[in-house]
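> The structure's right below; bear with me while I get my questions together.
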Amino acid sequence: MTTKIVAVVPVFGAPDTLPQTIARLATQVDAVVLVDDGSHTVESMRFGDSVFVISLPVNAGIATALNVAIDRARELGATHVITLDQDSELGGDHVARLLELLERGASDGARVAGAVPGVVGGAPVLLGTDGEPFDPIQSGQLLPITLFDEIGGFNTELFIDAVDSEFTIRARQAGYRFLVDPELEMAHALGEAVPLHVMGRPLILLGKPRHVLYHSPWRTYYMVRNSVWLARRYGHGDPEWMRRRNRKMTEMLVGGILLAPDRMTQLRAARAGWKDGTKGTLGRIPEQLRLQFRRRV
């Protein structure tokens, strides 16, 4: 069967540079499907003939945008999809290397869910004790389209955050493996770097200004809520994996919250996320909460 690879890219608040980014991506794949998730920011942009744009009327979350894009890729005859964020930049041989890795894994008789880059945003991906990627982000993954036939799409109730983790868990529970190319790098923004201050002055260590990785309070709400739900839903199946993920997530959240310029709002967002995660309340953040958390204060 002829291989046909389609890139699927959810978009929200598209940067002016998106057409150039997509043009570079299009040289590695057979087609690109962009899904504007209710931001209406790509309608005036011009793309090549192999780029298909879908505009959702309202913001429905990254899981929905990915599923819509994958359905369109299937209609285009895709055998594989590569899932990407709008701010991810691939090296020139990214897709070819991951396809070779997938095919090599399949030839060894493994049930391979996907292949991922080994370095994302300048940081090596975490590996499990089995040498496989521990909890790979969805951006940059090459996946056979048949995987979605067996385990389904991304969980739309999570809206954003932990969408990739939940998908990974389901794939592994179905007996699939993820493979990693340790030398393959992908440029990717992991958050907003905010300068640290001490007594009103920038913190300088070893001659360099120091920063904290900042996430907006509403994003903190999703991170906490979905992580709590994920642990309650899947923790019993692989408790060691879940403990490690919870530990890493806690380290990132605590550091970001305590050093953030809006730490009190961050704490309220985390508390609301914990409460809703414990209750199993998912979906889009309630509008009242979103308005409370929309600004740094």
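> Counting only residues that are among the small types (Gly, Ala, Ser) and surrounded by fewer than 16 Cβ atoms within 10 Å (Cβ to Cβ), which one in the stretch 236-271 is nearest to ARG219 (Cα to Cα)?
The extreme case among them is GLY255.
> Search the stretch 280-290 for residues being outside any loop (DSSP other than H, G, I, E, B) and open to solvent by 80 Å² or more (accessible area, probe 1.4 Å), and hand back the single one that is modelled with the highest pLDDT.
So the residue we want is GLU287.
> Only one of (1) buried (at least 18 other Cβ atoms within 10 Å of the Cβ); (2) modelled with pLDDT under 95; (3) part of a loop (DSSP other than H, G, I, E, B) is not met by ALA189, so which one is it?
(1)
> Here is a follow-up. Kindly indicate the residue of the stretch 55-109 that is under 17 Å from HIS40 (Cα atoms) and among the hydroxyl-bearing types (Ser, Thr, Tyr) and also surrounded by the fewest Cβ atoms within 10 Å (Cβ to Cβ) among those meeting that condition.
The selected residue is SER55.
> Going by the structure shown, is SER165 among the hydroxyl-bearing types (Ser, Thr, Tyr) and not in a helix (DSSP H, G or I)?
no
> Considering the stretch 123-134 alone, what residues qualify as being touching a residue at least 60 places away in the same chain (Cβ under 8 Å), in a loop (DSSP other than H, G, I, E, B) and open to solvent by 40 Å² or more (accessible area, probe 1.4 Å)?
Matches in the stretch 123-134: LEU126 only.
> So, ILE54, is that one closer than 25 Å to ARG219 by Cβ, part of a strand (DSSP E or B) and in contact (Cβ under 8 Å) with a residue 60 or more places away in the chain or not?
No; evaluated as a whole, the condition is false for this residue.
The values are calculated or read from the model by the stated rules, or taken from the named source; none is laboratory data. In this text the structure is predicted, and so the values were computed from the model without any measurement. Every residue, glycine as well, gets a Cβ built from its backbone with ideal geometry; the counts of neighbours run over all protein chains shown. Keep in mind that these areas ignore ligands, DNA and RNA; they rest on the heavy atoms of the full protein, side chains included. Shrake-Rupley method; radii C 1.70, N 1.55, O 1.52, S 1.80 Å.
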